[in-house]
Amino acid sequence: MANILGIETSCDETAAAVVQDGRRILSNVISSQVEIHARYGGVVPEVASRQHLLAIIPTVERAMAGFNWGDIQGIAVTSGPGLAGSLLVGVNLAKALALARGLPLTGVNHLEGHIYANWLGSELTPSFPLVCLIVSGGHSDLILMRGHGDYLRLGRTRDDAAGEAFDKAARVLGLGYPGGPAIEEAARAGEASLPLPRAWLKGSDDFSFSGLKTALLRLVEGGKVSLVADAAASFQRVVVDVLVNKTVAVAKRHRAKQILLAGGVAANKLLCDDMLRCSPLPVLSPPPILCTDNAAMVAACGYYRLKADRVAGWDLEVVPGLSLP
Ligand code: KG4
Ligand code: ZN
């Protein structure tokens, strides 16, 4: 039995969690900066690192309340991708704790962490090979996962990430930040009635969302949007259609046993429902609170890394542009 302390500071959430054997969440603390960044309409890197500095120790203390350090067998920290100044806060604290307590340390790829949110708390165990759609604020990746730590990237976005597209569309529609939840909420009262383009990129497993954003902007500027709710519903419909169709096609072609959803956009109910409806394969997705940034997913991934002896040295670096694999 191993309890791993996870630490996450890659973007705008300061988070710490303790997870048992990569599956059972014992504590999960998320200190969000969203309200601060919402004033600026997006994440301000300098503000984010300063907030992490203020929040990281109280967040770890809360996650460790009820535990002694002797209960912890390893430390996992996000080392990339993300904002350099933000990542440094988490990585430096994780190194200090590992040094002080004589614990093994592992650096976790944030995207790999998002995938491992699917191992948390669920009765079902993901089985390999599987296809994972990672859709976050910075990434839209289709990954073939053949085993723990074994990834092949099949597709990626050529321009905007899915979450970024939601955030930009929300800005165009005056719906605030973060855009994903705002669009989802507005869309509830709307009809997907506006003509917006779907970029299929035939013959490729990549995505493209920037044309969609531009088309939406043209409709708004041209006075063609009378109901924001209809625009939100139309936009969401197009993004979900493309993500679902391409993911199901890739999973079939690679004879995957399952489809996994991961990242902040996987919190979208229409995406989860449509993927379940359209996929002949079982579909797993984490509960919404584990789709967006958290440290439990980092601890879960860290457990499997440490089990495979993938221990980091004191030279563990932050890598803002880290990709998967
Ligand atoms: O994974 P995440 O928390 O942070 C990154 O690693 O980027 O993803 C954040 C992104 C944001 O772009 C946000 O608008 C989007 O996930 N998002 C959603 C929803 N909740 C968050 N997009 C669509 N529907 C949602 N319910
Ligand atoms: Zn994330």
Would you say Val29 is under 16 Å from Cys301 (Cβ atoms) and part of a strand (DSSP E or B)? no
Name the single residue, out of those in region 232-249 being in contact (Cβ under 8 Å) with a residue 60 or more places away in the chain and more than 20 Å from the chain's Cα centre (by Cα), that is farthest from Phe128 (Cα to Cα). Ala232
Within region 158-195, the residues that are within 16 Å of ligand 2 (Cβ to nearest atom), at pLDDT 95 or above and crowded, with 20+ Cβ neighbours inside 10 Å are Asp160, Ala161, Ala162, Gly163, Glu164, Ala165, Phe166, Asp167, Gly179, Gly180
Could you list, in sequence order, the residues of region 1-53 that are crowded, with 17+ Cβ neighbours inside 10 Å, within 14 Å of ligand 2 (Cβ to nearest atom) and under 19 Å from Gly176 (Cβ atoms)? Cys11, Asp12, Glu13, Gln33, Val43, Ala48
Listed residues Gly85, Gly80, Gly107; which is touching a residue at least 60 places away in the same chain (Cβ under 8 Å), closer than 20 Å to Ala15 by Cα and more than 14 Å from ligand 2 (Cβ to nearest atom)? Gly107
Being away from ligand 1 (no atom under 16 Å from the Cβ) and on the phi > 0 side of the Ramachandran plot is true for just one of Gly149, Gly107. Which residue is that? Gly149
Are any residues in region 121-162 charged (D, E, K, R) and over 18 Å from Ala251 (Cβ atoms), and if so, which ones? Glu123, Arg158, Asp159, Asp160
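The values are calculated or read from the model by the stated rules, or taken from the named source; none is laboratory data. Note that this is a predicted model, so its numbers are computed, not measured. Counting neighbours? That spans all protein chains shown, and the Cβs are built from the backbone with ideal geometry, glycine included.
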